[in-house]
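Taking it in order: structure first as C-alpha cells, then the write-up.
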Amino acid sequence: MEGKQPKLTPEQREAIDTLSSTPQYQGESKIKIFMKIPAKDKAAYFRTHFLVPLLAAVIVIALGTFVIVRLVSPVPRPALYAAAVSGSTPMGEADKLKDDYAKKLGKDVIIDDYFDMNKDGLSKLQTMIGNEQIDVVIAPHDVFAKLASFGYFDNLKTTLPAAEYAKVGKYAMAFHGFDDSRVTYAIDESGSGQGKSEPYGLLLEHAPRWDRIEGADDDALVGIAANTQQLDTAKNFIQYLYNAHD
C-alpha cells in the first residue's frame, strides 16, 4: 500500500482544481467583475463591495449640499431677539409675551430665557451680542449692572424717541458703562464699569405688560443691545411693554 496515491472523489478533485487554478477574475476591477458575474451573485457582491462606500458618498454629498444651501440661503433672522437672563421670567412664561408681541408685530419674534448665569449663560450672551444676534436684554438688577459695565447697552435717553423717553424716563436707572481709554496692561484693570453713568435700563415693575407675567422678576430691567441691527424693533418692543393699550 506504500506509495499508492489515495483515491479522490470527483468533488475533491474539483476543489483541488479550483484552489490550484488562477482566479477567474484576477486583476480586473470590481465594476468589471460585477458586470461579468452571474445575475444570482450580483446582489451579494454589491452588498459586499459597493454598499458601504455608496452610503458614505451619499452622506458626504448630502452634508455638502446642506452647508451650501445654508450659506447661500441663511435662516431668516427674527424681527426681534430678546434675551431674558437668569430667571427674569419663570420657565415657559416668556413664550406668552413672545406670542402676543409677534401677533402685534406680524413677524417672527424670539424671547429666549435660556441664559443661566450660574452655568454658561454669560458666555452665550456675550457671543450672541458680539455677533449682533441680540436686540434687547432683560435681566435682574445685579446682572444688568454687570452687563452694562461691559458696554453692552445703548443710552436710552438718546436712543428712544424724546416723546417716549419723557413717558418712561422716570423708570430709568443709570449704570457705569465701559471706558476703553482707561484700559491698561495690568491684569486687574480694565474699562469695565469705568465709563460714564448713563440710563441704560428701565425698571420693568412699571411696565403693564411685564406685570401680567405670573412670577416675573419685579427687579428686572430691560435695555437695548448697543450693536443691535434692528434698533427700530427694539425701541418698539420697549414701547409695547410700557403702553398697555398699544
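Looking at PRO74, PRO23, PRO6, which one is under 30 Å from ILE129 (Cα atoms) and at pLDDT below 60? Testing whether each residue is under 30 Å from ILE129 (Cα atoms) and at pLDDT below 60 leaves just PRO74. For the structure I just gave you, tell me whether ALA163 is among the aliphatic types (A, V, I, L, M), open to solvent by less than 60 Å² (accessible area, probe 1.4 Å) and not in a loop (DSSP other than H, G, I, E, B). Against the criterion (among the aliphatic types (A, V, I, L, M), open to solvent by less than 60 Å² (accessible area, probe 1.4 Å) and not in a loop (DSSP other than H, G, I, E, B)), ALA163 does not qualify. Of the residues making up segment 79-95, those that are open to solvent by 20 Å² or more (accessible area, probe 1.4 Å) and on the phi < 0 side of the Ramachandran plot are TYR81, PRO90, MET91, GLU93, ASP95. The helices (runs of 4 or more DSSP H) found entirely in segment 51-159 that carry 2 or more residues being closer than 17 Å to LEU221 by Cα are 94-105, 121-130, 141-149, 156-159. Picking from residues in segment 184-243 that are of a type in the set (Lys, Arg) and farther than 24 Å from SER149 by Cβ, the one that is modelled with the highest pLDDT is ARG209. Apart from one condition, GLY151 fits all of (1) open to solvent by less than 30 Å² (accessible area, probe 1.4 Å); (2) in contact with a Phe, Trp or Tyr (Cβ under 6 Å, 6 or more places away or on another chain); (3) modelled with pLDDT of 90 or more; the exception is (1).
Only one entry of THR127, THR158 meets the criterion of being modelled with pLDDT of 90 or more, β-branched (Val, Ile, Thr) and under 17 Å from GLY195 (Cα atoms), and that entry is THR158. Restricting attention to segment 96-113, the residues being surrounded by 14 or more Cβ atoms within 10 Å (Cβ to Cβ) and closer than 19 Å to ILE138 by Cα number 11. For segment 184-193, the condition holds for no residue, the condition being that it is open to solvent by 50 Å² or more (accessible area, probe 1.4 Å) and part of a helix (DSSP H, G or I).
The values are calculated or read from the model by the stated rules, or taken from the named source; none is laboratory data. What you are looking at is a predicted structure, and each value in this text was computed from that prediction instead of being measured. For neighbour counting, all protein chains shown are included, and Cβ atoms are generated from backbone atoms with ideal geometry for every residue, glycine included. Each accessible area value is taken on the protein alone, full model and side chains, heavy atoms only, with ligands, DNA and RNA left out. Shrake-Rupley method; radii C 1.70, N 1.55, O 1.52, S 1.80 Å.
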